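Input: a single structure, listed below in structure tokens.
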Amino acid sequence: MSTTTIRLPEDLKARVSRAAQESGVSTHSFILQAIAEKTQQEESRTAFDALAEGRYARLLATGQTVPWQEMRAWLLERAEAAREQAAAPGAD
């Protein structure tokens, strides 16, 4: 494992220490988790942007789209299926 030094403003360092303590982890672990979460978030955003760009390029190249009525019906079916799968509170 490599070592990297970061400089934190005192107020941020104190906030991180408090948050770590409230989470029941060391400050070091808290910082590692925060960096991992932010890295994953950025990687996901980049992948989403690339997927969107690819789909838009395909749309421009082919002109193929889904008619709104067809898409609306599909979305309504998905919403209804999700409602049916959701357990009512206290139904356990």
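Every number in this text was worked out from the coordinates using simple rules, so none of it is lab data. No experiment lies behind these values; they were computed from the predicted model shown. Cβ: placed from backbone, ideal geometry, glycine included. Neighbour counts: every protein chain shown.
Report yes if residue 85 is of a type in the set (S, T, N, Q) and loosely packed, with under 10 Cβ neighbours inside 10 Å, otherwise no.
Considered against the rule, which asks whether it is of a type in the set (S, T, N, Q) and loosely packed, with under 10 Cβ neighbours inside 10 Å, residue 85 comes out as yes.
So, residue 46, is that one of a type in the set (Val, Ile, Thr) and either touching a residue at least 24 places away in the same chain (Cβ under 8 Å) or assigned to a helix (DSSP H, G or I) (or both) or not?
The answer is yes for residue 46.
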